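Novice: I am attaching a structure below and will ask some questions about it afterwards.
The values are calculated or read from the model by the stated rules, or taken from the named source; none is laboratory data. Because the structure is a prediction, the values reported are computed rather than measured. Neighbour counts are summed over all protein chains in view; Cβ atoms, including those assigned to glycine, are modelled from backbone coordinates with ideal geometry. Side chains included, ligands, DNA and RNA excluded: accessible areas come from the protein's heavy atoms. Shrake-Rupley method; radii C 1.70, N 1.55, O 1.52, S 1.80 Å.
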Amino acid sequence: MGVLNVTPDSFSDGGLFTRHEAALAHARQMVEEGADVIDVGGESTRPGSQPVPAEEQKRRVVGVIAALRKELPEAVRLSVDTTLSEVAEAAIDAGADMLNDISGGRDPGILALAARHGLPLVLMHMQGTPVTMQDNPSYGDVVAEVEDYLLDRARAARKAGVPAEGIFIDPGIGFGKTYEHNLALLRALPRFVATGYPILLGTSRKRFMRSICRESEPRALTGATCATTALGVEAGVRMFRVHDVRPNRQAADVAWTLAAPTTS
Ligand code: HH2
């Protein structure tokens, strides 16, 4: 899943793709580099960010999704990254065929839309909201609590009519988590895989890797992100939300080939 942030303020690529043509060109490039899904977002959710109203999110994403739907092959899914059903509905009308909700379906309209249109749905864990989530996040047992939350939200989605195989769950790396919480969740990927739901992982360029790699620039973390992608494949993760598609596709393909049982 390639990230297309149509925002002025995303943490690593804010402002790069706000022009319509720049957004389309970037999506095209990500598809050429091996993306199966393009995730279009009109709201930054970096720590401290303020919510973007539905009208403004729609203004940012709808035209881009409509243009991409016309131009990209049918097989490429277009996902919309939003917590608001009003935005999701407009995106679906424009051609989106997947929903990515970092709030795990707090707006029940999101679950209903996924069910009604038969669309895959990503439910992510976040403690609090982006405004305050990094102010001292705390858990008793981070892995158990995130797993319980995701299973609960997946049950709600099923109750709303979304089939189990269409529900991706995502531990929400960096969303209300300390460095240690993020590492604990990544070490526990096999446990999330064992839930039976497909797992989506979003580590791309995230802060916890900056201290490991002693890098100050998010964009310098491509190699670090690829390491998590390869380990994620090994653990059974099914989808990776990344900014740098080509190197992550390579990491995933090599890890997948090595992990697959040999036929000879
Ligand atoms: N991370 C970000 C945004 N959306 N969705 C899912 N399912 N999982 C994630 O880990 C995830 C996500 C944050 O990354 P980015 O979009 O690059 O930044 P910003 O929120 O500043 O736009």
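Novice: Taking P47, is it at negative phi and either more than 13 Å from the ligand (Cβ to nearest atom) or in a helix (DSSP H, G or I) (or both)? Break it down stepwise before answering.
Specialist: Values: at negative phi: yes; either more than 13 Å from the ligand (Cβ to nearest atom) or in a helix (DSSP H, G or I) (or both): no.
Against the criterion (at negative phi and either more than 13 Å from the ligand (Cβ to nearest atom) or in a helix (DSSP H, G or I) (or both)), P47 does not qualify.
Novice: To continue, here is another question. Out of curiosity, is R207 within 19 Å of the chain's Cα centre (by Cα) and over 29 Å from S138 (Cβ atoms)? Before the answer, list the steps.
Specialist: Details: within 19 Å of the chain's Cα centre (by Cα): yes; over 29 Å from S138 (Cβ atoms): no.
Taking the combined requirement at face value, the residue does not satisfy it.
Novice: Which of the numbered conditions does E21 fail, given that it passes all the others? Conditions: (1) open to solvent by 20 Å² or more (accessible area, probe 1.4 Å); (2) among the acidic types (D, E); (3) touching a residue at least 12 places away in the same chain (Cβ under 8 Å).
Specialist: It is condition (3) that E21 fails.
Novice: Only one residue in A88, A35 is in a helix (DSSP H, G or I), within 16 Å of the ligand (Cβ to nearest atom) and modelled with pLDDT of 95 or more. Which one?
Specialist: On the way: A35 fails: in a helix (DSSP H, G or I).
So the residue among A88, A35 that is in a helix (DSSP H, G or I), within 16 Å of the ligand (Cβ to nearest atom) and modelled with pLDDT of 95 or more is A88.
Novice: If you don't mind, there's one more thing I want to ask. Please state which of the following conditions D13 fails to meet, knowing it meets all the rest: (1) open to solvent by 30 Å² or more (accessible area, probe 1.4 Å); (2) in a loop (DSSP other than H, G, I, E, B); (3) charged (D, E, K, R).
Specialist: (1)
Novice: Would you confirm, using the coordinates I've provided, whether E74 is farther than 30 Å from E147 by Cα and in a loop (DSSP other than H, G, I, E, B)?
Specialist: On the way: farther than 30 Å from E147 by Cα: yes; in a loop (DSSP other than H, G, I, E, B): yes.
Judged against the criteria, E74 is a match.
Novice: Out of the residues in the range 165-182 that are more than 12 Å from the ligand (Cβ to nearest atom) and either of a type in the set (S, T, N, Q) or in contact with a Phe, Trp or Tyr (Cβ under 7 Å, 6 or more places away or on another chain) (or both), which is nearest to R205 (Cα to Cα)?
Specialist: Within the range 165-182, the match that is nearest to R205 (Cα to Cα) is Y179.
Novice: Here's a check for you: in the range 176-195, which residue that is in a loop (DSSP other than H, G, I, E, B) and not hydroxyl-bearing (S, T, Y) is surrounded by the fewest Cβ atoms within 10 Å (Cβ to Cβ)? Can you show your working first?
Specialist: Here is the first cut: in the range 176-195, the residues in a loop (DSSP other than H, G, I, E, B) are 176-178, 188, 194-195.
So of that shortlist, the ones also not hydroxyl-bearing (S, T, Y) come out as 176-177, 188, 194.
Details: G176: 23, K177: 26, A188: 18, A194: 12.
Of everything passing the filter in the range 176-195, A194 is surrounded by the fewest Cβ atoms within 10 Å (Cβ to Cβ).
Novice: While we're here: Select, from V62, V31, V3, V80, the only residue that is surrounded by fewer than 24 Cβ atoms within 10 Å (Cβ to Cβ) and under 22 Å from L201 (Cβ atoms). Walk me through it before giving the result.
Specialist: Numbers: V62 fails: under 22 Å from L201 (Cβ atoms); V3 fails: surrounded by fewer than 24 Cβ atoms within 10 Å (Cβ to Cβ); V80 fails: surrounded by fewer than 24 Cβ atoms within 10 Å (Cβ to Cβ).
Only one candidate qualifies: V31.
Novice: Still on this structure, please answer the following. List every residue pair whose Cβ atoms sit under 6 Å apart, with the two residues 6 or more apart in sequence or on different chains, where the first one lies in the range 205-232 and is more than 28 Å from A260 (Cβ to Cβ) and the second, anywhere, is away from the ligand (no atom under 11 Å from the Cβ) and assigned to a helix (DSSP H, G or I).
Specialist: Correct list of pairs: F208/Y179; C213/A224.
Novice: Kindly establish whether A96 is hydrophobic (A, V, I, L, M, F, W, C) and either in a helix (DSSP H, G or I) or open to solvent by 50 Å² or more (accessible area, probe 1.4 Å) (or both).
Specialist: So A96 does not fit the description; no.
Novice: Counting only residues that are more than 13 Å from the ligand (Cβ to nearest atom) and aliphatic (A, V, I, L, M), which one in the range 210-237 is most open to solvent (accessible area, probe 1.4 Å)?
Specialist: Among those that are more than 13 Å from the ligand (Cβ to nearest atom) and aliphatic (A, V, I, L, M), it is L231.
Novice: Looking for something within 16 Å of T195 (Cβ to Cβ) and in contact with a strand residue (DSSP E or B) (Cβ under 6 Å, 6 or more places away or on another chain) - is there at least one such residue anywhere in the range 137-152?
Specialist: Looking for residues that are within 16 Å of T195 (Cβ to Cβ) and in contact with a strand residue (DSSP E or B) (Cβ under 6 Å, 6 or more places away or on another chain), one finds at least one in the range 137-152, hence yes.
Novice: Let me ask something else. When you check A160 against the structure, is it open to solvent by less than 40 Å² (accessible area, probe 1.4 Å) and modelled with pLDDT of 95 or more, yes or no? Talk me through it step by step, then tell me what you get.
Specialist: Details: open to solvent by less than 40 Å² (accessible area, probe 1.4 Å): no; modelled with pLDDT of 95 or more: yes.
When the stated conditions are applied, A160 does not pass them.
Novice: Those residues that are β-branched (V, I, T), away from the ligand (no atom under 11 Å from the Cβ) and surrounded by 20 or more Cβ atoms within 10 Å (Cβ to Cβ), I need them from the range 238-256; list them, please. Walk me through how you get there before you give the answer.
Specialist: Here is the first cut: in the range 238-256, the residues β-branched (V, I, T) are 242, 245, 254.
Okay, now just the ones that are also away from the ligand (no atom under 11 Å from the Cβ), so 245, 254.
Within the range 238-256, V245 is the sole residue that qualifies.
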